[in-house]
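Written below as structure tokens is the structure these notes are about.
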Amino acid sequence: MRILVTGGAGFIGSHLCERLLGEGHDVLCLDNFFTGAKRNIDHLLDHHGFELIRHDIIEPILLEVDRIYNLACPASPVHYQYNPVKTTKTSVMGTINMLGLAKRVRARILQASTSEVYGDPEVHPQTEAYWGNVNPIGLRSCYDEGKRVAETLMMDYHRQNGVDIRIVRIFNTYGPRMAVNDGRVVSNFVVQALRNDDLTVYGAGEQTRSFCFIDDLVEGLVRMMECDGFIGPVNLGNPVETPIIEFARRIVELTGSRSEIVYRPLPADDPKQRQPDISLARQKLGWEPRVPLEEGLRRTIADFAARLSAGRS
Ligand code: NAD
Ligand code: UDP
């Protein structure tokens, strides 16, 4: 198949492109390089099935493709709050453009939604049936509400125009190639630990997250895209939940670092707890994460260590 991956030069997108090329597909990687980087896909450029398109999805584009993975959108709070209006435009106008393309060329389209559609959840763990608790006017809203509208657009293009859609709600994902400077907890703690700098825990560190290794996530994305008769939304994440303070201690231990843990103010609207209920993914896709946190973190730490010592970000 010819497969378009928007945001293909980003963290998740680059791993997905690699996987799809490995399966023998032709891959069109589309990116505006806001948070993505050419070095993420350097190793794919010589592959005969790979094409790179510099483009911003808030502008329409016409391509002949069979599948569209719509991943384009900054994912870390530091990046999506840098230009919040643009973040909303990417999710709203970008998704409209990709849905218009899917409709025109009759491609199947998968939208990368997020656990953030649940906001600061009052239901725990979060099932797909939960409608969420999202602040519409806060600093995270450009991302959360943008992604919620993107889900609405997907459903309405499906109901109104018969577009073949898939929606996945991705929970915190980590692994090699995460940007060193993206401000997310995994990259911050690993970089701080490797440099023997203080680890910055926001608040008391009692808030929880559930971390999924990239290879597991990519497997879930592909299974959902190719699953017949199920459009989602479906949660994809690792249900093992960890308080952030414990996560910090784990990283200090795994890196053998001399870093201390320090406490910084908790950002506004920071969700207190997050854990996916993945019963639906298990049932419909036969999917569940396989890589334990310790193994995934060792692989991630090794990748960051190599990049830092080579002076690459
Ligand atoms: P990332 O920032 O590494 O990748 C996003 C990519 O999209 C980058 O390459 C960026 O340059 C590109 N991009 C941004 N705006 C664009 C635009 N207007 N036009 C074209 N390209 C654009 O982030 P990621 O972690 O790889 O996330 C990928 C997707 O998965 C995002 O949609 C994100 O919301 C979703 N997601 C990620 C996580 C996670 O934990 N990583 C969790 C939930 C959802
Ligand atoms: N966090 C932290 N220190 C950091 C970066 C993040 O304690 O240096 C916390 C953050 O407040 C949040 C959790 O770690 O509670 C996950 O943050 P991230 O930005 O990675 O993802 P999200 O909040 O979007 O799930």
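Values in this text are rule-based calculations from the coordinates and carry no lab data. Worth saying up front: this structure is predicted, and the values here are computed from it rather than measured. Note that each Cβ is placed from the backbone with ideal geometry, even for glycine, and that neighbours are counted across all protein chains shown.
Each residue of the stretch 189-196 was assigned a 3J(HN,Hα) from its phi angle through the Karplus curve 6.51 cos²θ - 1.76 cosθ + 1.60 (θ = phi - 60°); the sequence is 5, 5, 5, 4, 5, 5, 8, 6 Hz, with glycine and proline shown as x. Around the Cα centre of the chain, unit charges on the Cβ atoms of Lys, Arg, Asp and Glu (plus for the first two, minus for the last two) sum to a dipole of about 340 debye.
Largest GNM mean-square fluctuation across ALA72, ALA179, ALA302, computed for the chain with C-alpha springs under 10 Å, falls on ALA302.
I want the antiparallel fraction of DSSP beta bridges within the chain, as a percent rounded to 5. Of the beta bridges lying entirely in the chain, close to 10 percent run antiparallel.
Pairs of Lys residues in the chain that lie 8 or more places apart, or on two chains, and have C-alpha atoms under 25 angstrom apart add up to 9.
Rounded to whole numbers, the Karplus 3J(HN,Hα) couplings from phi for the stretch 138-151 are x, 5, 8, 4, 4, 7, 4, 6, x, 5, 5, 5, 4, 5 Hz, using 6.51 cos²θ - 1.76 cosθ + 1.60 with θ = phi - 60°, and x at Gly and Pro.
In this structure, ASP197 and HIS124 have a Cβ-Cβ separation that, at R0 = 41 Å, corresponds to a calculated FRET efficiency of about 0.80. With a cut-off of 18 Å on the backbone N, the residues of the stretch 165-193 near the modelled label site 7 Å out from LEU308 along Cα-Cβ are 174-193. A cut-off of 5 Å between modelled amide H atoms, ignoring neighbours fewer than 5 places along the same chain, links LEU30 with VAL5, THR6, GLY7, GLY8, ILE53. Per-residue packing, averaged as other Cβ atoms within 10 Å, sorts the ranges 5-16, 107-118, 183-194, 80-91 into the order 5-16, 107-118, 183-194, 80-91, beginning with the highest.
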